1. Obtain the nm distance between the two label points defined at LEU300 and GLN335 by a simple spin-label model: each point lies 7 Å from its Cα along the Cα-to-C-beta direction.
2. Ranked from highest to lowest mean number of other Cβ atoms within 10 Å per residue, what is the order of the peptides 4-11, 176-183?
3. Give the residue list of GluC sites (Glu not before Pro) in the range 267-338 that are DSSP loop and have at most 11 other beta-carbon atoms within 10 angstrom.
4. May I ask you to evaluate 6.51 cos²θ - 1.76 cosθ + 1.60, the Karplus curve with θ = phi - 60°, for each residue of the range 331-338 and list the ³J(HN,Hα) values in order in whole Hz, giving x for glycine and proline?
5. Would you please give the residues with an amide H less than 5 Å from that of ILE285, counting only those at least 5 places away or on a separate chain, with H modeled from the backbone geometry?
6. Search the structure for amide H atoms under 5 Å from the amide H of TYR237, placed 1.01 Å from N in the peptide plane, and list their residues when 5 or more places away or on another chain.
7. Tell me the label-point distance for the pair CYS275, ASP312, using the 7 Å Cα-to-Cβ offset, in nm and rounded to one decimal.
8. Ignoring ligands, DNA and RNA, what accessible area per residue does the range 188-347 give at 1.4 Å, in Å²?
Amino acid sequence: MQFQNLISFIDETHQTLQQSAVKAVNSHITLRNWLIGYYIVEFEQKGEDRAKYGTKLLKELANSLKIKGLSAPELSRCRQFFNTYYLFIDFLNFLPAYDKIKNKITSNKILGSVTQELELEILGSVTQVSENQKRGSATPELQKSEIEEDEAYYTQIFTQISYTHFVELIKIKEPTKRKFYELSIIKNTLSVRELERQIATLTYERVGLSSNTDLAFRELKNKIIPETTNDAIKSIYFFDFLNLPNAHLVQENQLEEALINHLEKFIIELGNGFCFEARQKRILIDEDYCFVDLVFYHRLLKCHILIELKVDKFKHEHLSQLNSYVGYYNDQVKQMDDSPTIGILLCTEKGNKMVEYALAGMEEKLFVSKYLVQLPQKEQLIQFLENELKNNDITQ
């Protein structure tokens with residue numbers, strides 16, 4: 001390939017796909033940038049005059065193309081996009097615009113130069129490869145099923161994830177972690193800003209996935225679409241989006257008010273499936289009125305979730321109070337087809353042993369989680385999560 005051919009390929013692809021209708025998720029922009037990355041990588045590996053440009057290739061290319069937005073840094077992102085998602089090459093034929101440029105794509109040109117180690121790494125991030133498969137003993141039926149699953153998944157993320165999301169995703173080096181956030185975008189329709197916050201607050205690590213990078217695809221999905229209470233509840237929640245002045249002096253009613261005023265962000269932080277029902281829900285136990293701070297219904301777990309907010313450290317009497325509310329809901333509110341009610345106690349600190357003893361016999365329905373209204377330094381957060389993993393025998 002000559003440098004002038006590289007310019008021609010990129011320019012023609014840009015003109016062809018630019019004419020397509022703009023959509024909320026513009027797969028044509030994604031396709032254009034992926035193809036640009038493809039052309040650049042192919043030129044760097046196969047170009048007859050590639051040595052002439054060397055490290056100045058992207059700068060020379062940007063100056064020659066004169067396409068708005070395709071600066072040298074953006075061309076570098078396109079190259080990184082292709083290198084991260086090179087398996088798209090097998091699953092692009094579903095796009096109508098692809099027919100116009102498919103003759104320029106020949107998978108044997110470039111995929112042959114990708115190392116087997118990299119190929120296994122990326123394939124392993126889609127579906128976990130069992131030991132039998134690694135030894136070549138997988139049945140043809142199983143292989144076919146995995147190929148179909150891969151194709152369906154790659155088609156889905158290509159059509160449902162915008163390129164601006166991909167710009168953030170390609171910064172994640174670990175395939176399993178990247179897959180988690182891909183699924184989060186699809187299932188929770190995260191904006192780019194919401195995705196950035198999820199990554200910055202280590203959501204992947206907080207749902208207990210960081211200790212095992214070889215998780216099966218199904219287990220990843222369970223963390224996005226929870227099937228058990230353990231999948232749905234985090235050990236720590238971040239309410240930094242509240243921007244509370246004098247956060248250390250905040251009262252429970254102020255915290256509750258702030259969370260309601262930021263309900264959308266609060267629900268995103270809680271996780272997929274939470275539907276808000278009530279605040280300060282009044283219930284009558286014996287002859288006394290009690291008030292549940294926040295009531296949610298979880299549409300995936302099919303149960304009510306009661307949240308009690310405390311602005312101090314964990315105390316066993318907090319849990320006793322919450323347990324009474326959960327018992328009332330199971331007796332008076334729960335429908336025949338509902339799952340048992342869950343209670344979450346949110347406090348500023350929790351001692352592992354005190355929580356362990358207080359939860360004895362109630363682990364299936366009550367959870368104690370810590371919350372922060374201000375984000376700590378990343379190093380402190382990582383240390384906290386490491387400590388949580390070391391104490392993973394303690395219920396959340």
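The values are calculated or read from the model by the stated rules, or taken from the named source; none is laboratory data. Given the structure is predicted, the values throughout are model-derived calculations rather than measurements. For neighbour counting, all protein chains shown are included, and Cβ atoms are generated from backbone atoms with ideal geometry for every residue, glycine included. The area values use the complete protein model at the heavy-atom level, side chains included, leaving out ligands, DNA and RNA. Shrake-Rupley method; radii C 1.70, N 1.55, O 1.52, S 1.80 Å.
1. Result: 2.0 nm between the two label points.
2. 176-183, 4-11
3. When the GluC sites (Glu not before Pro) of the range 267-338 are filtered for loop state and at most 11 Cβ neighbours within 10 Å, GLU287 remain.
4. 3J(HN,Hα) across the range 331-338, in whole Hz: 8, 10, 10, 4, 8, 4, 8, 7.
5. Here the answer is CYS290, since their amide H atoms fall under 5 Å of that of ILE285.
6. So TYR237 has HN proximity to LYS370, TYR371, LEU372.
7. 3.7
8. Accessible surface, normalised per residue, equals 48 Å².
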